[in-house]
Amino acid sequence: MTSRFELDGGAVGFVESSAAVPLVSIVVSVRSGAIADPEGKDGVCRFAARMLRRGADGMSAQEIEATIDRLGAELALDVGPSTVSLHGQVIRRNVEPFVALIARLLGKPAFAPDEIARLRRETAAELVESRDSDRALANLAFRRALFAGHPYARSAAGRPSSIAGIERDDVVAAYEKHFVRGDLVIGFAGAVTEDEAKRHGEVLAAAVHEGPRVAVTPPEPEKKEGRRLVFVDKPERTQTQTLIGSLGTWPHDPDHVALVTATAVLGGTFTSRMMREIRSKRGWSYGTSARLSIERRRHAFTMSAAPGAADCAPCVELELSLLEDFVAKGVTKRELGFIKNYLVRSYAFEVDTAPKRLGQAVETELLELPADYHTRYVDHVREVTLEAANAATSTRLSAKDVVVIVVGTAADTLEAVQQRIPDLVSTDIVPFDAD
């Protein structure tokens, strides 16, 4: 069982001990992320976090990478709307020097001007390269359309124009703002005892300066009415990407688990309604799914598919029809029974390693989830009734107030898609290489 402990300066620690393998996983997170970027500086939080391993306390970027390799370690970074996390793993005998290295990176980053210039060029190139991914373009357009005017519309990676304007002072300010001791959540999993975790946690917490905690509680997103199409125009697309969705759920909703369970019937398994109708019967898309995202505030419900250009319009029409039926009629008793059994049995794969169990505890802390969100997940699923599942779909979701995203070639596909969307209130055509 994951244990929680307090560290100096308001930091919080977790440990999930396991002797299964001689490895230790380490996560160092802060409770703030991309939505706290200053206006016009989208991407600066992620930029500052990436700079941590590009020179610190007299070590060059090359020396840092060589040390990570020599210790038999791994170190990765994840930046989201509300969190920043460093994820590390190392063989047990090298835990202490690895913790010392992470402490140096966290506490004494150099922010050398030449490294900032290099990362600025790399980031700009990565943003341009990401345009090759139609799925990434669809996700970006969806977020900007669904959350227009809300912090969730922002991209953690930034925009080419915002990255070009980032200077050293911006990077230092972002680091000093986000990496404060009181916002730290530190976790250890694997071949580490609780006493060792506390000792290593104090080393990491002490490396970070004290300062005011970042206020990152965004307002509740506003529902936007009508069916709105955003067509991302990209030349020579023989295959398209589609995303259809609306506002979804919040983990503190009383019907949250009921909606999650019902949504799995729609598009959460290989035998879901969407897979059956879109892939199995018609062969329009190899993969298709429906999912609910969770964040500190209500986030997105999405349906996705990747049909060929010729099948895009009828596929969008079918997805909307499936959504209308799902909202109006919910799920059947047989479907609910099957999906509950599936979710309960498959949950074992969510907790089968110490790092996974640690990850759940850290996520609960970072996103301020209900205390039993993960620990009683199976019980909550078992408690879902048919009435609760169907009430959740009709209350939380809408088939009329949705964003429809299509990435394709407008000259070939746009008109057909428009004709297949009943009650369409607006169409926006966005160039795929727009900032």
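The numbers here are math on the coordinates, done by the rules we state, and not lab data. Bear in mind that the values here come from a model prediction, so they are computed numbers and not experimental data. FYI the Cβ positions are ideal-geometry reconstructions off the backbone, even for glycines, and counts take in every protein chain you see.
What does the convex hull of the alpha-carbon atoms of the chain project to on average, in nm²?
Working: hull surface 82.9 nm².
Projected area, direction-averaged: 20.7 nm².
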Whole-Hz ³J(HN,Hα) from phi, Karplus 6.51 cos²θ - 1.76 cosθ + 1.60, for region 33-41, glycine and proline x: x, 5, 5, 8, 4, x, 4, x, 10
Added length on full extension, which subtracts the Cα-Cα distance from 0.36 nm per residue, Glu194 to Glu129: 19.0 nm
Volume per residue that the Cα convex hull of region 3-207 spans, once the total is divided by residue count, Å³: 132
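Quick check on the exposure proxy: order Arg144, Arg382 from fewest to most C-beta atoms within 10 angstrom. The partial results should precede the final answer.
Values: Arg144 20, Arg382 14.
In order of increasing Cβ crowding within 10 Å: Arg382, Arg144.
In percent, what relative contact order does the chain have, based on Cα pairs under 8 Å that are 6 or more apart in sequence? Spell out each step's value before the answer.
Details: 886 pairs, mean separation 99.3, N = 435.
Answer for the chain is 23 percent.
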Separation between Cα centres of region 55-80 and region 1-40, rounded to whole Å: 18
Pairs over 19 Å Cα to Cα, from Lys281/Lys400; Lys281/Lys329; Lys41/Lys177; Lys223/Lys400, come to Lys281/Lys400; Lys281/Lys329
Below 8 Å between Cα atoms, with a sequence gap of 6+, how large is the relative contact order for region 227-431 in percent? 44
Considering the Cα positions of region 227-431, please state its Rg to one decimal place and its Dmax as a whole number of Å. 17.9, 51
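I need His252, His87 ordered by Cβ neighbour count within 10 Å, fewest first.
The order, fewest Cβ neighbours first, is His252, His87.
What's the longest bit of the chain with no exposed GluC sites (Glu not before Pro), using DSSP loop states and at most 16 other Cβ atoms within 10 Å as the test? Display every interim value, and only then the final one.
Details: sites that count: Glu39, Glu167, Glu210, Glu222, Glu225, Glu236, Glu368, Glu383.
Within the chain, the longest run free of exposed GluC sites (Glu not before Pro) spans 237-367.
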Restricting to Cα pairs under 8 Å and 6 or more apart, the percent relative contact order of region 340-435 works out to 21
Need the C-alpha centroid separation for region 314-392 versus region 286-307, integer Å. 13
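Placing unit charges on C-beta atoms (Lys and Arg positive, Asp and Glu negative, everything else neutral), compute the dipole magnitude of region 3-207 about its Cα centre in debye, rounded to 20. Spell out each step's value before the answer.
On the way: 26 positive and 29 negative charges, 70 e Å.
Around 340 debye, computed over region 3-207.
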Once Lys and Arg are counted +1 and Asp and Glu -1 for all other residues with Cβ under 10 Å from that of Ala189, the total becomes +1
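What does the charge count around Phe111 come to, taking other residues whose C-beta lies under 13 Å from its C-beta (Lys +1, Arg +1, Asp -1, Glu -1)? If you can, show how the numbers build up before the last one.
Numbers: positive: Arg50, Arg53, Arg54, Lys108, Arg118, Arg120, Arg168; negative: Asp57, Asp114, Glu115, Glu167, Asp169, Asp170, Glu176.
So the environment of Phe111 carries a net charge of 0.
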Using a Gaussian network for the chain with springs between C-alpha atoms less than 10 Å apart, which of these wobbles most: Gln62, Gln360, Gln239? Gln62
Relative to the compact globular guide of 2.2 N^0.38 Å, what is the alpha carbon radius of gyration of region 137-295, as a ratio? 1.43
Connecting every pair of Cα atoms under 10 Å apart in the chain and solving the GNM, the largest mean-square fluctuation among Asp132, Asp352, Asp37 falls on Asp352
Could you tally the net charge around Ala148, taking each other residue with its Cβ under 14 Å from the Cβ of Ala148, Lys/Arg +1 and Asp/Glu -1? +2
Choice from Ala49, Ala348, Ala164 with maximal GNM fluctuation in the chain (Cα, 10 Å cutoff): Ala348
